[in-house]
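Participant: So that we are looking at the same thing, I have put the structure below in structure tokens.
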Amino acid sequence: MATEKPVTPTEEQLEILEYNFCKVNKHPDPTTLCLIAAETGLSEEQTLEWFKQRLSEWRKSEGLPSESGSVRD
């Protein structure tokens, strides 16, 4: 199974991703993830990976462990 190579989102894509992360949902459901991916032009896998990385950064900045147990943000 081939893995997609990491893609650095453009500034415009980052704006869309950040907006959705900060204003819409830090944990997008599959439908929302699909819509965000379509809007940015990234694959769903790339979009999901970006959200995972961004959530980890956010948790560190909030002084939380990078992985959550049962508590949602």
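Participant: Quick check: from the Cα gyration tensor, does segment 8-73 come out rounded (a/c under 1.5), prolate or oblate?
Facilitator: prolate
Participant: Provide the net charge surrounding Glu15, with neighbours chosen by a C-beta distance below 15 Å and charges set as Lys +1, Arg +1, Asp -1, Glu -1.
Facilitator: That sum, taken over residues with Cβ under 15 Å, equals -2.
Just so you know, all these numbers are worked out from the coordinates, no wet-lab data involved. Because the structure is a prediction, the values reported are computed rather than measured. Note that we place each Cβ from the backbone using ideal geometry, even for glycine, and neighbour counts take in every protein chain shown.
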